[in-house]
Amino acid sequence: DVKVTQSSRYLVKRTGEKVFLECVQDMDHENMFWYRQDPGLGLRLIYFSYDVKMKEKGDIPEGYSVSREKKERFSLILESASTNQTSMYLCASSLWMSYTEAFFGQGTRLTVV
Amino acid sequence: KNEVEQSPQNLTAQEGEFITINCSYSVGISALHWLQQHPGGGIVSLFMLSSGKKKHGRLIATINIQEKHSSLHITASHPRDSAVYICAAPGSGAGSYQLTFGKGTKLSVIP
């Protein structure tokens, strides 16, 4: 069974803090993705990575950065958290682009106060 | 970029009813995803299909590539089917890595 694990289910951070969200997958997938999900807006892609050390911006990369130093781990970084980054964050992985099944983590609900 | 539209946004059904959720997309694709999200957040992949029909238990997904339309059916619905159902379509070319998601259909099945 493919497993995608996010480091936290719930996080509360203060405005201006640097925030790290971690995601680990155990199936040797090439592609990993970070999304945020907001009511009425659905899932939106922040960044994705198709290989170690490779990254591409998604639709809403502003205020975020990512790191993929190892194949199994993909980190999302909020450089200076702001209240408009309060959201549900979901990590996903897939074997090959968007044409193979996507596996999602359980989500991290981040609140920035 | 693919535009993905789902309908209805909200659906309330009595236990046992047959349910249909629709999904339309704007750019031709070779595969479409149906996902399920229960309260609490985790998303599970239900189907990925490129033609015809797939069935898993009481869930059936169909796709018409020419019409750029897919449907998810639930037979004999049950309260445990209550969830948000999301369809997603890949982009093309440089956007192939990306899935574009519909806004989801929130299903509530009442006993």
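The values are calculated or read from the model by the stated rules, or taken from the named source; none is laboratory data. What you are looking at is a predicted structure, and each value in this text was computed from that prediction instead of being measured. Every residue, glycine among them, receives a Cβ derived from its backbone with ideal geometry; neighbour counts consider all protein chains shown.
Figures for the structure shown
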item: The one condition in (1) within 14 Å of chain B (Cβ to nearest Cβ); (2) among the charged types (D, E, K, R); (3) more than 11 Å from the chain's Cα centre (by Cα) that A:R44 fails to fulfil; result: (3)
item: Residue that is surrounded by the fewest Cβ atoms within 10 Å (Cβ to Cβ), among those in region A:5-18 that are within 12 Å of chain B (Cβ to nearest Cβ) and at pLDDT 95 or above; result: A:Y10
item: All positions within region A:76-104 that are at pLDDT 95 or above, within 11 Å of another protein chain (Cβ to nearest Cβ) and not in a strand (DSSP E or B); result: none
item: Residue list for region B:76-90, filter: in contact with a strand residue (DSSP E or B) (Cβ under 7 Å, 6 or more places away or on another chain) and modelled with pLDDT of 95 or more; result: B:S77, B:H78, B:P79, B:D81, B:S82, B:A83, B:V84, B:Y85, B:I86, B:C87
item: Selection from region A:19-41 of residues that are outside any strand (DSSP E or B) and away from every other protein chain (no Cβ under 11 Å); result: A:D26, A:M27, A:D28, A:H29
item: Extreme residue, farthest from A:C91 (Cα to Cα), among residues of region B:32-65 that are in contact (Cβ under 8 Å) with a residue 40 or more places away in the chain and not aromatic (F, W, Y); result: B:L32
item: Test: residue in region A:30-39 that is farther than 20 Å from B:G41 by Cβ, out of contact with any His (no Cβ under 6 Å at 6 or more places or on another chain) and at pLDDT below 95; result: yes
item: Residue in region A:59-69 that is basic (K, R) and surrounded by fewer than 17 Cβ atoms within 10 Å (Cβ to Cβ) present; result: no
item: For B:C23: the one exception among (1) in a loop (DSSP other than H, G, I, E, B); (2) surrounded by 19 or more Cβ atoms within 10 Å (Cβ to Cβ); result: (1)
item: Selection count, region B:63-103, where residues are in a loop (DSSP other than H, G, I, E, B) and of a type outside the set (D, E, K, R); result: 11
item: Every residue from region B:52-72 that is under 16 Å from B:G102 (Cβ atoms) and in contact with a Phe, Trp or Tyr (Cβ under 7 Å, 6 or more places away or on another chain); result: B:A61, B:K68, B:L72
item: Boolean, B:S70 is touching a residue at least 40 places away in the same chain (Cβ under 8 Å), more than 13 Å from the chain's Cα centre (by Cα) and surrounded by 17 or more Cβ atoms within 10 Å (Cβ to Cβ); result: no
item: Selection from region B:28-56 of residues that are assigned to a loop (DSSP other than H, G, I, E, B) and within 12 Å of chain A (Cβ to nearest Cβ); result: B:I29, B:S30, B:A31, B:H38, B:P39, B:G40, B:G41, B:G42, B:S50
item: Residue that is farthest from the other protein chains (Cβ to nearest Cβ) [pool: residues in region A:47-67 that are within 18 Å of A:L95 (Cβ to Cβ) and within 11 Å of the chain's Cα centre (by Cα)]; result: A:S49
item: Cβ-Cβ under 8 Å pairs, at least 6 apart or on other chains, region B:8-31 side under 19 Å from A:G40 (Cβ atoms), far side of a type in the set (F, W, Y); result: B:I21/B:Y85; B:C23/B:W34
